[in-house]
Amino acid sequence: MCLGIPGKIIELYEANGMKMAKVDFGGVIQEVCMEYLPEARVGDYTIVHVGFGLSILDEQEAAETMELLRQVEAMAEEAGS
Amino acid sequence: MRYVDEYRDAGLTQKLLAEIRKTVTRPWTIMEVCGGQTHSIIKSGLDQMLPPEITLIHGPGCPVCVTPLELVDKAIAIASRPEVIFASYGDMVRVPGSGRDLFSVRAAGGDVRIVYSPLEAVEIARRNPEKTVVFFAIGFETTAPANAMAVLQARAQGLKNFAVLVSHVTVPAAIRALMDSPEVRVDGFLAAGHVCTVMGYWEYEPLAAQYHIPIVVTGFEPVDILNGMLTCVRLLESGRAEVRNAYGRSVRREGNVAAQAVIRQVFEMTDRAWRGIGVIPMSGYRLRAEFAEFDAEQRFPQVQAIATHESPLCISGLVLQGLRRPDECPAFGKECTPQSPLGATMVSSEGACAAYYRYGRRHER
């Protein structure tokens, strides 16, 4: 139940007074409530949980972390392990 | 898929494992709190690839598993009523009550419907004004924003035939209860990345200081979990009891402030019973008094004192506290299987017993 899935926002709209989005999960499109992400924009990736967007994935942060992890990789290789 | 595939990279996984092996010098017991992480760990086999110094134990973060038997029985009693449509997250319908489960209520003619989002339950209520729609609002802080919004939506739409049966629990209270238990020995925690997406991680900072344990906010893919593990091992090896965020692409220290505001608007903190563990003070949410009209327990007062009966064979309470591994249970895979479960931990997609069964872990480690 806590396995939120990342998907890409392809459309934003309103329904029943709530901010909603169509979100693409690798080709499967779902309607998602975006009330908790007022800053969301089309093209953002969001973590969706029981039909609600809970965060916008931070692209820069993700890139920096991946870079750091790849440095671990380089260090491990230098150490011969 | 972006933000998924690169975090399952086998090469990077191996390198992170090598770095953990290089870093660790002493035995450490690390608990992953979240059942979603448990499944990811067992499915990817990370538990079998870690160095022998690291003992990984599985925590209580399976919302279906800790929902108390009394509430499951109440749900079954309410769902059996002819005027009720009972809506639930899918995992909950196979969880055994004292006598039967919600699935068997449906088989006996009850109107039990599985919904993905609580907003679907609100929509069912709107379309069925002659019925009372009861939604089983369970979960940790991850489902609380959705469940709270469903109540607000029902009120905004003027629905008088919608109610929620609330069983909400919170992670920091569980960590406190585990650390206060004389039997449980945990050196460090991997905190649940999506709970922290909602709540942030500031509330873990006093816990880390008080119990002198590192707590690392961790994601769900293999690379995320190993990154959290490596961060935790580095903190342990250097004797630092700090909170770190190893899931920065989704989690900010303050969390999702808008979601927290709606949780606080609809719910308030209360003592909660955890199935298999017992009552933990101030460990969950209940509806605030101003939302009493949406409280299924008040709407069905006749469904109150139910004599509960737990299987005497089931040790899920010990499993949920990390005191036993699922495969150490004598009933595991024998009397108890996902097809015929004795306890909720064998049912849920986040239950540790279900993970061990599904991915074939039997006395291998």
When residues of region B:43-61 are limited to those that are of a type outside the set (A, V, I, L, M), farther than 14 Å from B:Pro222 by Cβ and in contact (Cβ under 8 Å) with a residue 40 or more places away in the chain, the one surrounded by the fewest Cβ atoms within 10 Å (Cβ to Cβ):
B:Gly59
Can you work out which of the residues in region A:35-53 that are in contact with a Leu (Cβ under 9 Å, 6 or more places away or on another chain) and more than 10 Å from chain B (Cβ to nearest Cβ) is nearest to B:Ser117 (Cα to Cα)?
A:Ala40
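Quick grid of which residues meet (1) part of a helix (DSSP H, G or I); (2) surrounded by fewer than 18 Cβ atoms within 10 Å (Cβ to Cβ); (3) within 14 Å of chain A (Cβ to nearest Cβ); (4) of a type in the set (Phe, Trp, Tyr):
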residue	(1), (2), (3), (4)
B:Leu235	yes, no, no, no
B:Phe291	yes, no, no, yes
B:Val303	no, no, no, no
B:Ala307	no, yes, no, no
B:Ser311	no, yes, no, no
B:Leu323	no, yes, no, no
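Have a look at B:Leu71, B:Leu119, B:Leu152, B:Leu165 and point out the one that is assigned by TED's automatic domain parsing to the domain that holds B:Gln265, free of Cβ contacts under 8 Å to residues at least 60 places away in the same chain and either more than 21 Å from the chain's Cα centre (by Cα) or buried (at least 20 other Cβ atoms within 10 Å of the Cβ) (or both). Don't jump to the end; show me each part of the working.
Numbers: B:Leu71 fails: free of Cβ contacts under 8 Å to residues at least 60 places away in the same chain; B:Leu152 fails: free of Cβ contacts under 8 Å to residues at least 60 places away in the same chain; B:Leu165 fails: free of Cβ contacts under 8 Å to residues at least 60 places away in the same chain.
Every option except B:Leu119 fails the conditions.
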So B:Ile78, is it more than 14 Å from chain A (Cβ to nearest Cβ) and either surrounded by fewer than 23 Cβ atoms within 10 Å (Cβ to Cβ) or closer than 27 Å to B:Ala354 by Cβ (or both)
yes
Enumeration of residues in region B:11-42 that are within 24 Å of A:Glu59 (Cβ to Cβ) and either among the hydrophobic types (A, V, I, L, M, F, W, C) or more than 9 Å from chain A (Cβ to nearest Cβ) (or both):
B:Leu12, B:Thr13, B:Leu16
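Out of B:Ser88, B:Ser40, B:Ser80, which single residue is more than 24 Å from the chain's Cα centre (by Cα) and touching a residue at least 12 places away in the same chain (Cβ under 8 Å)?
Working: B:Ser88 fails: more than 24 Å from the chain's Cα centre (by Cα); B:Ser40 fails: more than 24 Å from the chain's Cα centre (by Cα).
After ruling out the rest, the residue left standing is B:Ser80.
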Pairs under 7 Å by beta carbon, first residue more than 10 Å from chain B (Cβ to nearest Cβ) in region A:1-30, partner polar (S, T, N, Q), six or more apart or different chains?
A:Ile9/A:Thr46; A:Val23/A:Gln30; A:Val23/A:Thr46
Return yes or no: is B:Arg253 part of a loop (DSSP other than H, G, I, E, B), among the basic types (Lys, Arg) and touching a strand residue (DSSP E or B) at 6+ places or on another chain (Cβ under 9 Å)?
yes
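The values are calculated or read from the model by the stated rules, or taken from the named source; none is laboratory data. Worth saying up front: this structure is predicted, and the values here are computed from it rather than measured. All Cβ positions, even for glycine, are placed from backbone atoms using ideal geometry, and neighbour counts span all protein chains on display.
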